[in-house]
Amino acid sequence: MTEHAAQIQRLENNIGSAILGKSDPIRLAIVALLAEGHLLVEDAPGVGKTSLAKAIAKSLSAGFKRLQFTPDMLPSDILGSSVYLPNLGEFEFRRGPVFTNVLLADEINRTTPRTQSALLEAMSEGQVSIEGTTYPLDQPFFVLATQNPHEFEGTYPLPENQLDRFMLCIEIGYPAREVERAVLANHRDGEPVDHLKPVLTTQELRGLQLAARAVRVDESLNDYMLDIIGATRTSDQLQLGVSTRGAITLYRAVQSLALIEGRNYAIPDDIKRLALPVLAHRVIAKGVLHEGQRERAKAVIRQILAEIPVPA
């Protein structure tokens, strides 16, 4: 086993010891982490969204902050603000919660678009600009945001430019009965996440991120991805296709998944596996109400995948 494979397996196993029976969501979260992207988890309350974010942070010995988004939250509550110091006669910048390694943006759709947009620069450029001054963020920087897709009262749907900043959008789902039985036993002595120990340093994580970027993607696979992206733009069932940023995001995610699977090269199955979580939240279906958008978008992308020839 290579050093990179051993590191990834330790990370997966450590997170999996606290989040039972959810190997696929855990792997997709690691895909986003290694590809230097961000993750949006859409699911019902109580299925483990917060635990997943905490488990990632604890496994990395990384800084972790949780923000509970509310309608009265201001951008300064995320980014920080300048405070006047009368004894010095000057202002001092006090850093906000965004200055961390893993940021849990809980119920991100509960706050206003103005406050949601405060994360745009941080997520796309790894920095924030406040009162004419640019502050670099701590690295690595990973945002895991959550929202309940079944509740709409008092929420503000994320605009397309905000959704486009998330590399993947996934669900965790309810566990199978036998897994849930094990979950109950696992919580006998408290919250399992609280007992996790770090298995990777942030420097080792950075090494994995650089290794993911070195994964080879054949030109035939680039054409396959572009065929899929192009089909979303010409589909008569979609009014908004995938952007160029979305195409780059799929490319990076494919590299990351290949590394996690123990390969230094990508294969068509990597693209097929990631197409839904990477692309479905970036398109808008025609003639569908908001609550049915995601499922309709997934159906269209599945149809596109079925129709486009897979490279040999």
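Which one, (i) 149; (ii) 160; (iii) 254, gives volume of the Cα convex hull per residue in Å³ as derived from the coordinates shown? Among (i) 149; (ii) 160; (iii) 254, the one derived from this structure is (ii). Structure note, pairs K22/K298; K54/K286; K49/K298; K49/K272; K22/K197: Cα-Cα distances above 31 angstrom occur for K54/K286.
If you take the beta carbon distance between E160 and D236 as r and set R0 to 25 Å, what does 1/(1 + (r/R0)^6) give as a FRET efficiency, to the nearest 0.05?
Numbers: r = 20 Å, r/R0 = 0.78.
FRET efficiency, E160 to D236: 0.80.
Site pair T244 and V288 shows an inter-label distance of 2.7 nm when each label is modelled 7 Å from Cα along Cα→Cβ. Estimated at 0.36 nm per residue, the fully extended path between R181 and R263 surpasses their Cα-Cα distance by 26.0 nm. DSSP assigns beta bridges within the chain; of those with both partners inside it, close to 40 percent run antiparallel.
Note down the net charge around R165, summing +1 for each Lys or Arg and -1 for each Asp or Glu among other residues with Cβ under 11 Å from its Cβ. List each step's numbers first, then the result.
Details: positive: R245, R282; negative: E121, E125, E160, D164.
Summing Lys and Arg as +1 and Asp and Glu as -1 gives -2.
Rounded to the nearest 0.05, what FRET efficiency do V83 and R114 give with R0 = 30 Å and r taken as the Cβ-Cβ distance? Could you check? My answer for the efficiency is 0.90.
Given the peptides 70-79, 46-55, 114-123, arrange them by the average over their residues of other C-beta atoms within 10 Å, most packed first. Can you show the working numbers first?
Details: 70-79: 16.1, 46-55: 21.4, 114-123: 19.1.
The peptides rank, most packed first, as 46-55, 114-123, 70-79.
Using all pairs of distinct alpha-carbon atoms, the Kirkwood hydrodynamic radius of region 215-312 works out to 13.6 angstrom.
Please check which bits of region 39-62 a label hung off E191 would reach, taking the label as a point 7 Å along Cα-to-C-beta and the cut-off as backbone N under 19 Å. Flagged as within label range: 41, 43-62.
Once you reduce region 53-129 and region 269-312 to the center of their Cα atoms, the two points are 32 Å from each other. PRE reach from Y174 (point 7 Å along Cα→Cβ): which of region 24-64 fall under 14 Å by backbone N? The answer is 44-48.
Suppose the chain between R206 and E307 were pulled fully straight at 0.36 nm per residue; how much longer would it get relative to their current alpha carbon spacing? Working shown, then result.
Working: separation 101, 0.36 × 101 = 36.36 nm, distance 3.77 nm.
Answer, rounded to one decimal: 32.6 nm.
Counting only Cβ charges, +1 for Lys and Arg and -1 for Asp and Glu, the dipole size of region 198-312 around its Cα centre is about 340 debye.
Contact order for the chain, expressed relative to its length and based on alpha carbon pairs under 8 Å spaced 6+ residues apart, stands at 22 percent.
Considering only the other residues whose Cβ falls under 13 Å of the Cβ of N186, what net charge follows from Lys and Arg at +1 and Asp and Glu at -1?
Numbers: positive: K22, R181, R188; negative: E178, E180, D189, E191, D194.
Net charge in that neighbourhood comes out at -2.
Taking region 76-99 and a reference point 7 angstrom along Cα→Cβ of D138, the backbone N atoms nearer than 18 Å belong to 77-81, 93-99.
Rule-based calculations on the coordinates, nothing more; no lab input. Everything numeric in this text was worked out from a predicted model, so none of it was measured. Here the Cβ is made from the backbone with ideal geometry for all residues, glycine too, and neighbour counts use every protein chain on show.
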